[in-house]
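Working notes, beginning with the structure itself.
The values are calculated or read from the model by the stated rules, or taken from the named source; none is laboratory data. All values derive from a computational prediction rather than experimental measurement. Cβ placement follows ideal geometry from the backbone for every residue including glycine, while neighbour counts extend to all protein chains displayed. Areas reflect the complete protein model, heavy atoms only, side chains present, ligands, DNA and RNA absent. Shrake-Rupley method; radii C 1.70, N 1.55, O 1.52, S 1.80 Å.
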Amino acid sequence: MNVGEVAALAGVTVRTLHHYDRIGLLSPSGRTASGYRRYSAADLDRLHQVLVYRELGFTLEEVATLLAADDPGEHFRRQHRLLRERLERTRAMVAAVEMEMEARQMGIRLTPEERFEVFGEHDPERHEAEVRERWGDTDAYAQSARRTAAHTKDDWVRIRAEGEALTRRMADALQAGVAPETPPAMDLAEEHRQQISRNFYACSPGMHAGLGRMYVEDERFTATYEQVAPGLAEWVSAAVQANAVRRG
């Protein structure tokens with residue numbers, strides 16, 4: 001393949017490939033009679049390794065050292081481990097975002113250090129303006145404000161752990177083929193409703209149904225669930241709707 005074809009395939013610029021060639025990170029195996037670069041399948045494999053390491057945050061110098069030292073199998077094992085670690089960190093942040101959005105209002109009395117320890121970079125107070133604008137005149141907002149204002153750091157740690165555990169069980173049910181309209185799925189949805197009622201505000205089946213619709217209508221909610229398991233947002237939404245009907 002020529003340099004333009006490789007650039008289009010890999011989603012990088014020709015200039016980037018020229019730079020990789022100049023620094024010896026990825027030099028094409030061949031040249032045409034006119035001196036144009038020609039990339040082999042092995043060259044493309046090396047480019048893939050380079051791009052994965054770059055995505056993981058390694059500098060070009062570090063990538064060059066890694067590629068010179070290890071066999072291809074070791075690269076895949078390392079990249080798999082690092083990507084899994086990133087995924088776990090992302091899941092933890094996603095859980096924090098989900099909790100703060102479902103709570104609708106987070107008037108927490110934590111120090112900045114405690115807030116960062118519990119929520120990471122996703123400070124719930126950043127969403128306060130949007131929450132107040134959308135739900136500030138509701139009883140649920142007022143009730144949630146009173147309850148969350150009294151929550152301690154330990155309360156938030158517990159709430160987050162409960163939410164993560166329930167989301168994981170929902171994902172397991174989805175992957176096991178449990179239909180969202182069946183009693184096991186609806187029981188999980190009811191547990192979700194009870195968590196909200198216990199920790200934030202009295203969430204009626206009708207209110208819960210509204211939340212369920214939001215999971216597929218608001219891309220932020222959808223992304224929260226989809227990063228745990230593909231299709232989970234739609235599954236949870238359907239289970240919540242079915243449970244609301246069951247509860248009348």
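Quick look at the numbers
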item: Conditions (1) assigned to a helix (DSSP H, G or I); (2) open to solvent by 10 Å² or more (accessible area, probe 1.4 Å); (3) in contact (Cβ under 8 Å) with a residue 12 or more places away in the chain: number failed by Ala171; result: (2)
item: Helices (runs of 4 or more DSSP H) lying entirely in segment 200-248 (those with 1 or more residues that are over 18 Å from Met186 (Cβ atoms) and open to solvent by 20 Å² or more (accessible area, probe 1.4 Å)); result: 205-217, 219-226
item: Residues located in segment 185-207, provided they are within 12 Å of Val236 (Cα to Cα) and either β-branched (Val, Ile, Thr) or more than 23 Å from the chain's Cα centre (by Cα) (or both); result: Met186, Asp187, Glu190
item: Subset tally (residues that are basic (Lys, Arg), in contact with a helix residue (DSSP H, G or I) (Cβ under 7 Å, 6 or more places away or on another chain) and more than 24 Å from Gly73 (Cα to Cα)) for segment 13-63; result: 1
item: Those residues of segment 25-37 which are farther than 16 Å from Arg54 by Cβ and of a type outside the set (Phe, Trp, Tyr), in sequence order; result: Ser27, Pro28, Ser29, Gly30, Arg31, Thr32, Ala33, Ser34, Gly35, Arg37
item: All positions within segment 178-199 that are open to solvent by less than 40 Å² (accessible area, probe 1.4 Å), assigned to a helix (DSSP H, G or I) and not β-branched (Val, Ile, Thr); result: Ala185, Met186, Leu188, Ala189, Glu190, His192, Arg193, Gln195, Ser197, Asn199
item: Where a residue in segment 25-36 is over 13 Å from Val3 (Cβ atoms) and its partner, wherever it lies, is modelled with pLDDT of 90 or more and assigned to a loop (DSSP other than H, G, I, E, B), with Cβ under 8 Å and at least six apart; result: none
item: Residue in segment 64-82 that is of a type outside the set (Gly, Ala, Ser), in a helix (DSSP H, G or I), closer than 18 Å to Thr16 by Cβ and open to solvent by 80 Å² or more (accessible area, probe 1.4 Å) present; result: no
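Okay, residues lined up against (1) closer than 22 Å to Asp71 by Cβ; (2) outside any helix (DSSP H, G or I); (3) open to solvent by 20 Å² or more (accessible area, probe 1.4 Å):
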residue: Val12; (1), (2), (3): no, yes, yes
residue: Leu17; (1), (2), (3): no, no, no
residue: Leu26; (1), (2), (3): yes, yes, no
residue: Gly35; (1), (2), (3): no, yes, yes
residue: Asp43; (1), (2), (3): yes, no, no
residue: Gln49; (1), (2), (3): yes, no, no
residue: Val52; (1), (2), (3): yes, no, yes
